[in-house]
1. Which of (1) outside any helix (DSSP H, G or I); (2) within 26 Å of Trp136 (Cα to Cα) is the odd one out, the single condition Thr47 does not satisfy?
2. Quick check on my filter: what residues within segment 110-127 are surrounded by fewer than 22 Cβ atoms within 10 Å (Cβ to Cβ) and either small (Gly, Ala, Ser) or not in a loop (DSSP other than H, G, I, E, B) (or both)?
3. State all residues of segment 1-38 that are of a type in the set (Ser, Thr, Tyr) and either over 21 Å from Val79 (Cβ atoms) or in contact with a Cys (Cβ under 9 Å, 6 or more places away or on another chain) (or both); if no residue qualifies, say none.
4. Mind checking which residues of segment 74-93 are buried (at least 21 other Cβ atoms within 10 Å of the Cβ) and not in a helix (DSSP H, G or I)?
5. Among (1) aliphatic (A, V, I, L, M); (2) in a loop (DSSP other than H, G, I, E, B); (3) modelled with pLDDT of 90 or more, where does Ala61 come up short?
Amino acid sequence: MINSKMIFRILGFLLLIETVMLLCCGGVSLFYKENDLQSFLVSSAITTSIGILLLAIGKDAVKSLNRRDGYVIVSVAWVTFSLFGMLPYYIGGYIPSVTDAFFETMSGFSSTGATILNNIESMPHGILFWRAMTQWIGGLGIVFFTIAVLPIFGVGGIQVFAAEASGPTHDKVHPRIGITAKWIWGIYAGMTGTLICFDYQEEALREICGQCVMLQSIDFQQFERSVLYS
């Protein structure tokens with residue numbers, strides 16, 4: 001049997017984390033006094049509401065996950081993050097098509113980097129920051145991010161890791177896969193911070209966005225000319 005309550009609980013918690021990410025981008029919009037702030041606030045409200053609802057549904061869940069649960073979490077986490085992650089694009093009218101907005105978001109979270117945008121420079125700073133953040137998270141993957149937070153629920157992440165990893169073996173750096181995930185995320189964040197410090201430009205946001213995507217690819221740059229910009 002699938003432990004549906006625990007799956008709902010995990011997804012709800014992940015949506016609350018995504019809400020924090022959306023609010024950070026809203027803070028950027030507020031700083032630059034741009035009109036995309038409303039789209040982030042509405043998106044955050046919707047995401048928070050659904051996240052709390054899923055947490056309520058998952059209340060008193062059995063603290064265990066099997067291999068089948070791992071496959072469900074891997075599949076649903078990608079889609080869920082992208083569905084709610086596309087809201088700022090769609091609600092703000094920056095990408096008026098649901099299909100295109102979902103594609104742009106999934107492209108970031110999957111670290112694909114393909115884009116449907118033509119005039120990137122015209123986008124508000126908050127939207128550009130959100131776009132870069134999706135690809136930064138996608139650099140290690142939503143699933144790896146999920147593994148890092150699973151210990152909060154008293155369950156292990158090896159089932160989720162096994163569902164995501166390819167190949168017949170799943171060697172671990174540390175006996176607890178959650179600790180391994182936290183170490184790698186810490187190194188990843190540290191490398192990003194180091195790149196920002198050593199390649200600082202006049203516009204801080206542009207540098208942060210650039211290094212977020214430069215560390216694992218160069219696809220979601222802030223300019224139409226991408227790496228040709230100077």
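1. Just one mismatch for Thr47, condition (1).
2. Ser110, Ser111, Gly113, Ala114, Ile120, Glu121, Ser122, His125 - these are the residues of segment 110-127 that are surrounded by fewer than 22 Cβ atoms within 10 Å (Cβ to Cβ) and either small (Gly, Ala, Ser) or not in a loop (DSSP other than H, G, I, E, B) (or both).
3. Filtering segment 1-38 down to residues of a type in the set (Ser, Thr, Tyr) leaves 4, 19, 29, 32.
Selection gives Ser29, Tyr32.
4. Met86, Gly92
5. (3)
The values are calculated or read from the model by the stated rules, or taken from the named source; none is laboratory data. Because the structure is a prediction, the values reported are computed rather than measured. Cβ: placed from backbone, ideal geometry, glycine included. Neighbour counts: every protein chain shown.
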